[in-house]
Amino acid sequence: MESGFSLAEREEEEDNKNEKSAGMMMKKVSYMAAPMVAVYLSQYLLQVISMIMAGHLDELSLSSVAIATSLTNVTGFSLLVGFSGALETLCGQAFGAEQFRKIGSYTYSSMTCLVLICFPISLLWVYMDKLLELFHQDPLISELACRYSIWLIPALFGCALLQPMTRYFQSQGLVLPLFLSSFGTLCFHIPLCWLLVYKLRFGIVGAALSIGFSLWLNVALLWAFTRDSSLYCETRNLQAQEIFSSVKQFIYLAIPTAMMTCLEWWSFELLLLLSGLLPNSKLETSVMSICLTTSLLHYVFVDAIGAAASTHVSNELGAGNPKAARAAANAALYLGAFDASFVSITLYNYRKTWAYIFSNEIEVAQYATKITPILCLSIFVCSFTSVLSGCFVQTMVLAHVTFFTNWEQEATKVRDRVLEMTPKGNEETEVIKEDAQVLLSDISENV
């Protein structure tokens, strides 16, 4: 009886520890996700605000900017976001393993790769009207969309630097600089866009230029924060060999990451392009752009939750803490479930009025009201897929992977990968190997 009672007590004590650990991890993910929501939202609102201001010019401007935004996202911004997503894993694991120079080398190598990618993308945007003609889009819409895309090219290069810098801070859990720079940029963008679009009468060209100015301001602010960080002192003397040696690891992980992000993103944008083939193309494109913009606006919230969880998982795996990594992944799922319920119910309750945010046209608002139930269903599913990263089938698969992953084995793989990526001849190599052996032995004991 005594041995049984003591065993029951130990099991109860272990359950209490697990509950406390899960609760603490939920708080950690939430504390990081909250400011990251503000960061991602501020960055995404740059395009949304420009679209809203262009939409209040006339229906043709809204349709043209919507088509241009869709195609520039598909051919440009989605690629940059997808490729830079690899840094969440690489920099997060390097930070957890205290390989601080690798964080700098990964960031610089990604910037180099993304800037080079921007040149062929820019050439494609210059001939955007020819591309839209292949999709049988309205000639007038195609012409205006091409003009908008050309003046959006400076924003493309700004995004190529901004995305890696965002991951650089995110992997270290430094969300305050990201919040301040993003929020400051948004506050700058709103009056600037209004000035260029309405007062200076640049129209849709002013809407595109304002995005470029704002993104480069964000880059400048983050660079100022970077120079003041303690990590910058350790990485500012990076050699070219260290940067180029990291390119291979970055590309190796960036390609599948970009494919996963782009395929999901493109599935939404393809709907907008197809809407331009319908009989009343202006109405169909306008309503579809409003629905997709709202869906993507919500995506920002759950994507921030996923990013916060990804950072914690990477850091914990890099530090050799598999149980904490599991808790972070589960915490993200619970937060995603809450978000799914809250946003879907709220949007459905305001289904008759929410579309007026984007357009004054009664016909557009009434059409959007009919589509709102379908939009709510899409948002509900996306709340989970965004946290896990995928579409509906991937939700089932990735949920299974999340709950049944051998996190101890993953921690071992991460430590091995960090050791393999350490340059030979580095005087810290032996110390790192010793630390790794200690961490691996600790994992074995916990298992």
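The values are calculated or read from the model by the stated rules, or taken from the named source; none is laboratory data. Everything numeric here is computed off the predicted structure, so don't read it as measured data. Note that each Cβ is placed from the backbone with ideal geometry, even for glycine, and that neighbours are counted across all protein chains shown.
With respect to LEU221, determine if the residue is farther than 23 Å from ASN315 by Cα and either at pLDDT 90 or above or part of a helix (DSSP H, G or I) (or both). Yes: the conditions hold for LEU221.
Condition check ((1) modelled with pLDDT under 90; (2) assigned to a helix (DSSP H, G or I); (3) of a type in the set (Lys, Arg); (4) under 26 Å from SER64 (Cβ atoms)) across all residues:
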position: PHE119; (1), (2), (3), (4): no, yes, no, yes
position: ASP129; (1), (2), (3), (4): yes, yes, no, yes
position: LEU132; (1), (2), (3), (4): yes, yes, no, yes
position: SER149; (1), (2), (3), (4): no, yes, no, yes
position: LEU180; (1), (2), (3), (4): no, yes, no, no
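Pull up the stretch 315-326, narrow it to residues that are surrounded by fewer than 24 Cβ atoms within 10 Å (Cβ to Cβ) and modelled with pLDDT of 70 or more, then point me to the one that is farthest from LEU90 (Cα to Cα). For the stretch 315-326, the residue satisfying everything is LYS323.
Flag not set for LEU41, criterion: in contact (Cβ under 8 Å) with a residue 12 or more places away in the chain and in contact with a Gly (Cβ under 6 Å, 6 or more places away or on another chain). Residues in the stretch 96-111 that are surrounded by fewer than 22 Cβ atoms within 10 Å (Cβ to Cβ) and assigned to a helix (DSSP H, G or I): PHE100, ARG101, TYR108, MET111.
Can you tell me which residues in the stretch 151-160 are surrounded by fewer than 23 Cβ atoms within 10 Å (Cβ to Cβ) and in a helix (DSSP H, G or I)? Matches in the stretch 151-160: ILE153, PRO154, PHE157, GLY158. ARG201 falls short of the stated requirement of being of a type in the set (Lys, Arg), at pLDDT below 90 and part of a helix (DSSP H, G or I).
A search for C-beta distances below 8 Å between a residue of the stretch 101-121 that is touching a residue at least 40 places away in the same chain (Cβ under 8 Å) and any residue that is of a type in the set (Gly, Ala, Ser) and surrounded by fewer than 20 Cβ atoms within 10 Å (Cβ to Cβ), counting only pairs 6+ apart in sequence or on different chains, returns SER105/SER245.
Considering each residue of the stretch 267-288 in turn, at least one proves to be more than 21 Å from VAL39 (Cβ to Cβ), at pLDDT 75 or above and surrounded by fewer than 23 Cβ atoms within 10 Å (Cβ to Cβ).
Only one of the numbered conditions (1) out of contact with any Phe, Trp or Tyr (no Cβ under 9 Å at 6 or more places or on another chain); (2) surrounded by fewer than 24 Cβ atoms within 10 Å (Cβ to Cβ); (3) in a helix (DSSP H, G or I) is not met by GLN93, and that is (2). Here the stretch 198-223 is the region considered, the condition is being out of contact with any Leu (no Cβ under 9 Å at 6 or more places or on another chain) and over 22 Å from MET165 (Cβ atoms), and the residue that is surrounded by the most Cβ atoms within 10 Å (Cβ to Cβ) is LEU200.
The set of residues in the stretch 47-68 being farther than 18 Å from LEU196 by Cα and surrounded by 21 or more Cβ atoms within 10 Å (Cβ to Cβ) consists of SER63, ALA66, ILE67, ALA68.
Which is surrounded by 17 or more Cβ atoms within 10 Å (Cβ to Cβ), modelled with pLDDT of 85 or more, touching a helix residue (DSSP H, G or I) at 6+ places or on another chain (Cβ under 8 Å) and assigned to a helix (DSSP H, G or I), of LEU176, LEU114, LEU140, LEU124? Within the list LEU176, LEU114, LEU140, LEU124, the selection yields LEU114. Hey, can you tell me all the residues within the stretch 308-367 that are among the acidic types (Asp, Glu), farther than 22 Å from GLN172 by Cα and in a helix (DSSP H, G or I)? Scanning the stretch 308-367 gives ASP339, GLU363.
Against the definition (of a type in the set (S, T, N, Q) and at pLDDT 85 or above), how does SER78 come out, yes or no? For SER78, the condition - of a type in the set (S, T, N, Q) and at pLDDT 85 or above - is met.
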